[in-house]
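Since the structure comes first, as structure tokens, the remarks are kept for the end.
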Amino acid sequence: MALRFRRGRPVVFAVRTPRGRVGVPAGSALRGRPHRLRVLEALVLFGLAAILVWGTAAQDEGIKIGVVDIDQAISSTTEGKAAREEFARKQREAEGKIQPMIEKYQGLEEDLKQKKFVLSDEALFQKQLDLASMRNEIETKMKELENQLQVDQKRLEAPLTKKLVDVIEGAGKEAGFTIILRRGSPGLLYTREALDITDLIIKKYNQKS
């Protein structure tokens with residue numbers, strides 16, 4: 001069975017049933033984009049407001065601004081790579097639990113298609129009931145696996161994001177930054193590459209490990 005992906009939300013695996021396609025989401029954080037950090041979002045809002053208020057006075061007061069690509073920082077750290085690998089293993093385990101059920105369902109569905117014109121009404125109805133029951137079992141199991149993956153994702157992300165915030169704050173104080181903004185934040189349309197300190201944050205994060 002080929003793995004599928006739903007538009008708008010990544011999935012680990014999916015199967016098309018009479019009700020549609022069901023699947024277990026992959027969890028954005030360790031596969032790509034992590035959850036937004038409340039502390040970092042607050043820094044972004046503060047930074048943008050400060051820029052508007054200070055305006056041209058920034059040059060006179062020597063304001064130092066840095067920009068960090070949070071996604072790149074987390075995915076490039078040694079701990080981030082290890083967490084991503086562990087989450088990928090969890091996804092493979094989940095797939096291994098559900099795929100036999102999916103294959104059995106598909107076999108019964110194909111058997112029904114081939115025999116539906118020769119089966120008695122009673123036998124046909126029973127096979128349809130069996131398919132519906134198995135479909136419900138698959139959907140229930142997928143929901144269970146989805147919830148567990150979300151728990152695993154949060155468990156793996158929490159220490160990474162907390163440590164990243166600490167590293168950014170420490171680097172900001174050490175290097176005398178007035179504001180450190182998140183690259184890609186709403187309202188942040190352009191920054192010079194010279195302002196990007198992502199590599200510095202990655203280096204300091206790994207040193208702290």
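Bear in mind that the values in this text are calculations on the coordinates, not laboratory data. Model, not experiment: these values are computed from the prediction. Don't worry about glycine lacking a Cβ; one is built from the backbone with ideal geometry, like all the others, and counts go over all protein chains shown.
Return Y205, Y105 ranked ascending by Cβ neighbour count within 10 Å, so the fewest neighbours appear first.
Y105, Y205
Give me the distance in nm between label points sitting 7 Å out from Cα along the Cα-to-Cβ direction at R192 and E86, one decimal.
Output for this residue pair reads 4.1 nm.
Can you compute 3J(HN,Hα) from phi for each residue in segment 131-136, using the Karplus curve 6.51 cos²θ - 1.76 cosθ + 1.60 with θ = phi - 60°, rounded to whole Hz and x for Gly and Pro?
Residue by residue, segment 131-136 yields 5, 5, 5, 5, 4, 5 Hz.
Just to be sure I understand the model, the point goes 7 Å from the Cα along the line to the Cβ. What's the resulting V151 to K64 distance in nm?
4.5
Run down the lysines and flag those whose C-alpha is under 25 Å from the C-alpha of K143, throwing out any fewer than 8 positions away in its chain.
K90, K97, K104, K127, K154
In whole Å, how far is the Cα centre of segment 131-200 from that of segment 79-121?
29
Under a plain spin-label model, where a point goes 7 Å from the Cα along Cα-to-Cβ, how far apart in nm are D130 and A158?
4.5
Below 13 Å, Cα to Cα, which aspartates and glutamates can K163 reach? Residues fewer than 8 away in the same chain don't count.
Cα-Cα hits under 13 Å: E79.
Report, by chain and number, residues whose modeled amide H sits under 5 Å from the one on G66, excluding near sequence neighbours (fewer than 5 apart, same chain).
Sorted by chain and number, the residues that satisfy this are I179, I180, L181.
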